[in-house]
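Okay, structure first, notes after.
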2 protein chains.
Amino acid sequence: MDEPRMRRAIARKRDGAALAADEWTEIVAGFVAGTVGEAQMAALAMACVWRGLAFEETLALTRALVASGETLEWAALDPVDKHSTGGVADGVSAIVVPLVAACGIPVAKLSGRALGHTGGTLDKLEALPGVRTDLAPSAFRAQVERVGCAIAAQSERLVPGDKKLYALRDRTATVPDAGLIAASIVSKKIAGGAVAIVYDVKAGRGAFMHGASEAIELARLLTALTRAFGRPSRALVTDMDEPLGSRIGTGLELLEARDFLRGTHRAARLEVVCRAVAGALLRSAGVESPEERIERALASGAAYERFERMLAAQGARPGALDALVPATPAQRIVAERAGFVREIDAVALGECARELTARGGGAAGIAVMTPAGSVVRTGDELAISYGPGAASLAPRIRDAFNLNEAPAAARPLVVAECSA
Amino acid sequence: MDEPRMRRAIARKRDGAALAADEWTEIVAGFVAGTVGEAQMAALAMACVWRGLAFEETLALTRALVASGETLEWAALDPVDKHSTGGVADGVSAIVVPLVAACGIPVAKLSGRALGHTGGTLDKLEALPGVRTDLAPSAFRAQVERVGCAIAAQSERLVPGDKKLYALRDRTATVPDAGLIAASIVSKKIAGGAVAIVYDVKAGRGAFMHGASEAIELARLLTALTRAFGRPSRALVTDMDEPLGSRIGTGLELLEARDFLRGTHRAARLEVVCRAVAGALLRSAGVESPEERIERALASGAAYERFERMLAAQGARPGALDALVPATPAQRIVAERAGFVREIDAVALGECARELTARGGGAAGIAVMTPAGSVVRTGDELAISYGPGAASLAPRIRDAFNLNEAPAAARPLVVAECSA
């Protein structure tokens, strides 16, 4: 793809035309090789945000991104994988990966880092002393084979085209297009080699997509794209108007996963989504009556035991998980008046938790004591913040709780589900 | 303008907001200094093509481009300048500049090179042996003072921001936006220091803008922007569905200007536009009854004499203008059937002429023998091509003449005129 041809391709996209599959192949190959420059790629990306991508274009772009690097091979292991578009207190992966493995289905989870106000699964695992996520492909495979599950960072050798393109889109404000987003997500999952993939698309004020219809469109696109690669796939659209779990902050969210799997503390919203995602993973792997298997794996302690083994395999020191406690000092944030907790500003709490962990380390963060819908009296505990600097953040944390005389209307937590 | 602020500015433009004047100032300054990278600038340019620019944004961008370099100072000379958006056989500048000077109004014309299928005034002048257009500001001023007119290349020190931005827009298919186009044009004219400016906006198949309404919008914008800098300005929208003059090719167009000013050959369409543009220049300089002055300057030979003096001042060898003849061999292209010349494909002829001059030098090109509207019989001469390689181009040149049984409806040549 030389400069004049690329210019003509940009012009056609700018004018609303669809580019051909082999053009996308050449564009991505040229961009990775450096023959297509960043200026031309940025202009094309903005034209894509403007005009959108046809399904065939998105598929061609996804294929080109997959082809830009290596692909993991799993032989007969047939692992599944899941992806969340990111939210606040979204500890689903740390819970569901060992849970599904304990139900007999191998899980090879490729994860990312925190982005903006949302947490990243890798950061959460690494809050436990000793844990490594930069597994070489051979170590990743060996662990899935031996333990039944692993959570690893995307290798630099998988879809380097996506890494380069995403960095460009981030800098040039060309992230928000369903086709570009879907190609980025699906290319990584396909290169990871999973035989079935479940997507958890978050919608709401605390997610990157605010509207449910937008999220449903993305969910359909993700499953259709994945199916076009011959892999069955399911997508859930789940609510992210409020924080999902009750703990916000890398280590605190790992602690919440531990307590969830042990059965000592299960935030209601988090539990609904974990069971739905685990069910979708098992169903997409052909398991019948997944709900019963999930219940058994939780009740028997098998899921928690699998969680410990996975962390140990990735380097956790013995006893580290049990020893994990929130950072000090703890500061109570109380209600200044009575009312219903109508809304909780997930973005504000996500940002406060990020500031707390930046100062106080991985065990700092926020515990939400009154989920949305609760009734509180003056002086009731709304939240507890952990770690140094909590005092200065207290007003922002308190303001994140919108207290109202009337309760909010109940909203469904799993907004939609689709499969392909 | 650091990277995060630039990203937020791109996002706001992407979402349809207008950027503030000081943001444009910082963006252009950063782009020229290299702190704003090409990828971000390209994404912003595409977002501008998508969302358009508000007038205040266009003005701020124009000011920022002017401020990126030096500005010519003319003291009491008070020269005027004109600009054409470019067409085929558009030899207006070479004719009008000495003509207006002969009417007593100094002209300091800054010109550009050929772009795409259109010719550039500098290339035409340089077809005459010895002529230089890279005049230093002091030489440019001295010549306008002494001869009354000069046609010079834009100095690298004037609006370097526009040069860098235009090159980026060209590569990234982000040229077609009225605001970006107007800022590019007006910034150069303002930096050139003319006290009044006339724009000739071409509309039609042979122009960069095909539709008249689009051209009228640009004409209004150019005059309003120029007025915002305190300079009076007029804009004509003129037809470019067919070639304007009867000669296409750098040297042939200079030859046509010579013959026009001498009075030995005046193509009808070219004459109408030359008189209109010269009239607008004189009117904007406060001259009353410009038509009479123009007639006198042409009839008396004063305009031709001024043309010779201008070329001599810029280095033309004595007698070179008289000695200019078309390249050989000449090849007649004749009509294969009878009919009305309904349309002449200006782009096709412009491209053929460019190929001929690339092979045969500045005196190669095409003479159109039957303007649109003519009646031809089988075997009549449609065109003559000059220079080596003419035989292979003959079919394309012939096909550029659309012969039809019915004549085309007459169209106005000056479509609109506006002033500010």
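The values are calculated or read from the model by the stated rules, or taken from the named source; none is laboratory data. Everything numeric here is computed off the predicted structure, so don't read it as measured data. Backbone-built Cβ (ideal geometry, glycine too); neighbour counts: all protein chains shown. To get the accessible areas, we keep the full protein, side chains included, count just its heavy atoms, and leave off ligands, DNA and RNA. Shrake-Rupley method; radii C 1.70, N 1.55, O 1.52, S 1.80 Å.
Shown in residue order for the range B:329-337 are the 3J(HN,Hα) couplings computed by the Karplus curve 6.51 cos²θ - 1.76 cosθ + 1.60 at θ = phi - 60°: x, 9, 10, 7, 10, 10, 6, 8, 8 Hz (x for Gly and Pro). Solvent-accessible surface, computed for protein heavy atoms with a probe of 1.4 Å, shrinks by 50 Å² or more for the following residues of the range A:155-175 when the other protein chains are added to the isolated chain: A:ARG171, A:ALA173. Using only alpha-carbon positions in chain B, the gyration tensor eigenvalues give semi-axes of 36, 26, 20 Å once each is multiplied by 5 and square-rooted (largest first). Using a 7 Å projection from Cα along Cα-to-Cβ, the label point at B:ASP78 is separated from the same position in the remaining copies by 9.0 nm, smallest value first. A Förster distance of 60 Å, applied to the separation of the beta-carbon atoms of A:ALA136 and B:ALA394, puts the FRET efficiency at 0.35. What longest region of chain B stays clear of GluC sites (Glu not before Pro) that DSSP places outside H, G, I, E and B and that have at most 16 other Cβ atoms within 10 Å? For GluC sites (Glu not before Pro) (loop position, at most 16 other Cβ atoms within 10 Å), the longest site-free span of chain B is B:157-287. Remark: chain A carries 37 Å² of accessible area per residue (probe radius 1.4 Å; ligands, DNA and RNA excluded).
Under a model in which nothing but the beta-carbon of Lys, Arg (+1) and Asp, Glu (-1) is charged, chain A shows a dipole of about 240 debye around its Cα centre. With label points defined 7 Å past Cα in the direction of Cβ, position A:ARG296 shows copy-to-copy spacings of 10.9 nm, given to one decimal and shortest first. For the range A:337-420, the extents of the C-alpha atoms along the principal axes are 43, 41, 15 Å, listed from largest to smallest. Solvent-accessible area of the range B:1-115 (1.4 angstrom probe, protein heavy atoms only): carbon and sulfur portion equals 52 percent.
Ignoring ligands, DNA and RNA, how much accessible area is buried between chains B and A, both sides summed, with a 1.4 Å probe, to the nearest 100 Å²? Separately minus together, B and A give about 1800 Å² buried. GNM on chain B, alpha-carbon springs under 10 angstrom: the most fluctuating residue among B:ALA127, B:ALA346, B:ALA391 is B:ALA391. Can you tell me the orientation of helix B:390-399 relative to chain B, as the angle in degrees between its alpha-carbon axis and the longest Cα principal axis, to the nearest 10? Tilt of helix B:390-399: around 80 degrees. Return P(r) of the protein assembly as shown (all Cα-Cα pairs; 20 Å bins starting at 0; whole %; ordered from short to long distances). The calculated distribution, bin by bin, is 14, 35, 24, 19, 8, 0.
The residue among B:ALA178, A:PRO176, A:TYR166 whose Cα reaches farthest toward the positive pole of the charge dipole of the protein assembly as shown, with charges on the beta-carbon of Lys, Arg, Asp and Glu, is A:TYR166. Solvent-accessible area of the range B:149-207 (1.4 angstrom probe, protein heavy atoms only): carbon and sulfur portion equals 59 percent.
Its relative contact order, with pairs defined as Cα atoms under 8 Å and 6+ residues apart, puts the range A:195-283 at 32 percent.
Dipole size of the range B:321-413 about its Cα centre, with +1 on Lys/Arg Cβ and -1 on Asp/Glu Cβ: approximately 40 debye, rounded to the nearest 20. Taken one residue at a time, the phi angles of the range B:180-191 give Karplus couplings (6.51, -1.76, 1.60, θ = phi - 60°) of 5, 5, 5, 4, 5, 5, 5, 4, 5, 5, 5, 5 Hz. Gly and Pro are set to x.
Taking all protein chains together and rolling a 1.4 Å probe, B:ARG220 ends up with roughly 150 Å² accessible. Just the number, please: carbon plus sulfur as a percent of the accessible area of the range B:274-383, 1.4 Å probe, no ligands or DNA/RNA counted. After summing per-atom areas, the C and S share lands at 50 percent. Across the protein chains, with a 1.4 Å probe defining accessible surface, the residues B:VAL147, B:VAL415, A:VAL325 rank A:VAL325, B:VAL415, B:VAL147 from largest area downward. Each Cα pair under 8 Å and six or more residues apart adds its separation to the average, and for chain B the resulting relative contact order is 19 percent.
Could you work out the percent of alpha carbon pairs in the range A:21-79 separated by over 15 Å, rounded to a whole number? It works out to 58 percent of all Cα pairs.
For helix A:290-299, what angle does its Cα long axis make with the longest principal axis of chain A, in degrees from 0 to 90 and rounded to 10? That works out to roughly 40 degrees. Every helix of 4 or more DSSP H residues in chain B counts as -39500 (n - 2.57), and over all residues that averages to -15000 deg cm²/dmol at 222 nm.
Only Cα pairs under 8 Å and 6+ residues apart enter the sum, and on that basis the relative contact order of the range A:17-96 stands at 39 percent. Of the residues A:SER392, A:LEU349, A:ALA408, the one whose Cα sits farthest towards the positive end of the charge dipole of the range A:346-420 is A:SER392 (charges of +1 on Lys and Arg Cβ, -1 on Asp and Glu Cβ, taken about the Cα centre). Note on A:VAL287: accessible area is roughly 10 Å² with a 1.4 Å probe, heavy atoms of protein only. The dipole here belongs to the range B:104-231: it is taken about the Cα centre, uses +1 on the Cβ of Lys and Arg and -1 on the Cβ of Asp and Glu, and is about 180 debye. Helix A:3-14 and the longest principal axis of the Cα set of chain A meet at an angle near 60°. The accessible area of B:ASP239, taken with all protein chains in place and a 1.4 Å probe, comes to roughly 10 Å².
For chain B, lysine pairs separated by 8 or more sequence positions, or belonging to different chains, with Cα-Cα distances below 18 Å total 14. Farthest towards the positive end of the charge dipole of the range A:203-283, among the residues A:PHE260, A:PRO243, A:MET209, is the Cα of A:PHE260, using unit charges on the Cβ of Lys, Arg, Asp and Glu.
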